[in-house]
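See below for the structure under consideration.
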Amino acid sequence: MLEKALSGSKYYWSWIFGLLVVIAVGVACWFWQYTVGLTITGLSRDVVWGFYIAQFTFLVGVAASAVMVVLPYYLHNFKAFGKMTILGEFLAISAVIMCMLFIFVDMGMPNRILNVFLYPTPHSMMFWDTVALGGYLVLNIIISHFTLAAERREEPPPRWLKPVILLSIPWAVSIHTVTAFLYAGLAARPFWLTAILAPRFLASAFAAGPALLILLAFFVRRISSFDAGQQAIDTLAKIVTYAMTINVFFVLMEVFTAVYSDIPEHLTHFQFLFTGIEGESTLVPWMWTSSLLAIVALVVLINPKTRGNHSWLLFGCVAVVASLWIDKGLGMVIAGFVPNTLGQVVHYSPTAPELLISLSIYAIGLLVITGLYKIALEVRGQLRKATTN
Amino acid sequence: MTESRRGFLKLAGLSAVAVAGSAAVSAKATRSEGHEPPATTGKRLALVVDLRKFAKDDALFAAVVEACHKAHSVPDFGDDAKNEVKWIWTEPFETAFHSEEFHYIREDLKGKPTLLLCNHCDNPPCTRVCPTQATWKRAEDGVVMMDWHRCIGCRYCVVACPYGSRSFNWKDPRKAANLAGLDPKAFPTRMRGVVEKCTFCDERLARGEEPACVAACPNGEMAFGDLNDPASEVRRLLTEHLAIRRRPGLGTQPEVYYIVEDPRSLMEVAPAAEVFEVEEGGHA
Ligand code: SF4
Ligand code: SF4
Ligand code: SF4
């Protein structure tokens, strides 16, 4: 089936070529990082996790969000999601691969990665996160492979696949819950020490993931005759709306608890994010942008008229993804470290090589997703523009 | 006061059951705060830093830090705070105990350097999170150990330590100027990409010696020993003096103690009789 990914048009090849260039630059940076150490990043003794781990966290959410199409389709027999499920599963596969790469580039000793399995440690949340992510990747590869193969032969998917699909539903919830537990169980970090972290992770994931899926569906519709269906997009838009509303509600609950209780070690992290402390205000403009985007997105999405309009919906989805990316891909992780455990205000910002390595991982994700979608589209013989060119 | 006390006793007699109940409740509440004696059976090694004695000798801090960092080939990157590696260091007293508040402390105590190192917590969060058991609490004496050959450099332990005791090797420590001409028989250097910290000098303990930092103190400014041994020096010090630990409320059970003041000097401020009176009043 892989050969399907390897024949395409001029545009297709220049897109692939562009991605490969970005990847090559990132790989070169990574080799540099591998030889001299993580000192080439902006990380320090005080801020030991940064951009890499934050991207990992954001993408776990994207991966988990596939459940938002799988669940209605298989549990509620919501037929309109028939075409969307395969898009969702591919997005999940590509997101999990990116997650693993972000963990890999963050490791000080990547050549020892197998130690996690050689010395399995059930009391470590990182061990469980590795198990959960690996399992989720395998599940999604199996599911999408056999569904597509069956479709190619114009047969229904094999019967044994159904329980595997059902298993992937709680599994998706588990990957993001365990990822939240990485943070939420640490006495040292009051900013993350909140029971709402896992629910909030899930809510933001179920908003950002489906929003991305809508954007992808629009895009795929432009370049091919593959149409996920109007009803599917409308329903996904509703899911994004509800999830985003719940997410904003959760954030406000956190802000209330910190501000009203007025406990300094909880409050200072929010001050770092929204007002800056002791002149350290790197994230302040970002966080206000994120908040503004969240409000705008809610206005656009809650109003059924704008939500039903494609351009507005597109705009709303971009706003949701951007807002949540800032929140999770920048604010959430970094704020846990500022101030540090001694109450000192420290600075972190990613360096150019750190950003280039991250960019190349996103490019790898896009490459994976391009290849997978191409296979799916060609199996369904619906590629329009790309082949006539 | 005696009136109200008598009244209280009468009330207590009438509601003995209720009082018994509330006593049980308060006993339980104290326990749940987690301030129990060490859970480690056998030996429970601990370190006592006598801040009063240190107050007399500021030059000693540098000597102690130097003794440790030299004994353990800790790289020195000069002013490069971003790549810093340290096992023991000083912070101002208020920073070391930043979760307490010291607005009106004596002038001479303000900003006083305080030695910080790994607390070898009896309930260490760092070992709990490590995905490879590259860091663990030694069962026989409670020392929190590091295996630099197993560590994958994920830094989860650094994130989980509430005391900033751990350092990651962002760059090759062997390239640090102070380790250039190192004696090959010296303490082995680490490689870049792993986490390191104070190990209570496990290599010296194995030879029956006390930690290098303790040995560098001429007048017992630091003491080291077994908390589970009632005759040990550390037990004696902790019995006779008022000692505090960093962030005890987190339940980590740090085993580095700081003697801050002689209780007798507190007595001079509040005479014993008065203390008793206040207590009596409290019951009424
Ligand atoms: S002080 Fe930090 S590194 Fe040392 S045992 Fe306690 S938690 Fe672990
Ligand atoms: S950095 Fe090393 S010691 Fe620390 S948690 Fe990771 S593997 Fe364990
Ligand atoms: S106990 Fe040993 S390793 Fe720890 S600070 Fe003292 S000298 Fe350094």
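The values are calculated or read from the model by the stated rules, or taken from the named source; none is laboratory data. These figures come from a predicted structure and were not determined experimentally. Quick reminder, even Gly has a Cβ in these numbers, built from the backbone with ideal geometry, and neighbours come from all protein chains shown. Accessible surface is based on the protein model in full, side chains and every heavy atom, while ligands, DNA and RNA are left aside. Shrake-Rupley method; radii C 1.70, N 1.55, O 1.52, S 1.80 Å.
Points worth noting:
- Residues being without any contact (Cβ under 8 Å) to a residue 24 or more places away in the chain, under 18 Å from A:Asn247 (Cα atoms) and open to solvent by less than 80 Å² (accessible area, probe 1.4 Å) - total across the stretch A:280-321: 3
- Matching residues, the stretch B:215-232, being of a type in the set (Asp, Glu) and either closer than 21 Å to B:Cys121 by Cβ or within 16 Å of ligand 2 (Cβ to nearest atom) (or both): B:Asp226, B:Asp229
Residue by residue, here is whether (1) touching a residue at least 12 places away in the same chain (Cβ under 8 Å); (2) among the polar types (S, T, N, Q); (3) in contact with a helix residue (DSSP H, G or I) (Cβ under 6 Å, 6 or more places away or on another chain) holds:
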| site | (1), (2), (3) |
| --- | --- |
| B:Lys197 | yes, no, no |
| B:Ala206 | no, no, no |
| B:Phe224 | yes, no, yes |
| B:Val234 | yes, no, no |
| B:Arg246 | yes, no, no |
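- Residues of the stretch B:54-112 classified as within 16 Å of ligand 3 (Cβ to nearest atom) and either exposed (fewer than 13 other Cβ atoms within 10 Å of the Cβ) or within 25 Å of B:Met146 (Cβ to Cβ) (or both), total: 25
- Complete set of residues in the stretch B:161-183 that are within 11 Å of another protein chain (Cβ to nearest Cβ) and either small (Gly, Ala, Ser) or within 27 Å of B:Arg245 (Cβ to Cβ) (or both): B:Cys161, B:Pro162, B:Tyr163, B:Gly164, B:Ser165, B:Arg166, B:Ser167, B:Phe168
- Screening A:Phe219 against (1) open to solvent by 20 Å² or more (accessible area, probe 1.4 Å); (2) in contact with a helix residue (DSSP H, G or I) (Cβ under 9 Å, 6 or more places away or on another chain); (3) assigned to a helix (DSSP H, G or I) leaves a single unmet condition, (2).
- Any chance A:Gly343 is away from chain B (no Cβ under 14 Å) and open to solvent by less than 50 Å² (accessible area, probe 1.4 Å): no
- When B:Pro173 is tested against the conditions (1) modelled with pLDDT of 95 or more; (2) in contact with an Asp or Glu (Cβ under 9 Å, 6 or more places away or on another chain), the lone failure is (1).
- Residue list for the stretch A:156-173, filter: of a type in the set (A, V, I, L, M) and free of Cβ contacts under 8 Å to residues at least 60 places away in the same chain: A:Leu161, A:Val164, A:Leu167
- Single residue of the stretch B:206-217 satisfying the filter (within 14 Å of ligand 3 (Cβ to nearest atom) and open to solvent by 40 Å² or more (accessible area, probe 1.4 Å)) that is farthest from the chain's Cα centre (by Cα): B:Arg207
- In the stretch B:177-195, the residues that are in contact (Cβ under 8 Å) with a residue 24 or more places away in the chain and either more than 16 Å from ligand 2 (Cβ to nearest atom) or crowded, with 22+ Cβ neighbours inside 10 Å (or both): B:Ala177, B:Asn178, B:Leu179, B:Leu182, B:Ala186, B:Phe187, B:Pro188, B:Thr189, B:Arg190, B:Gly193, B:Val194, B:Val195
- Considering the conditions (1) open to solvent by 50 Å² or more (accessible area, probe 1.4 Å); (2) over 16 Å from the mean Cα position of the chain (by Cα), B:Ala134 is excluded by exactly one of them, (1).
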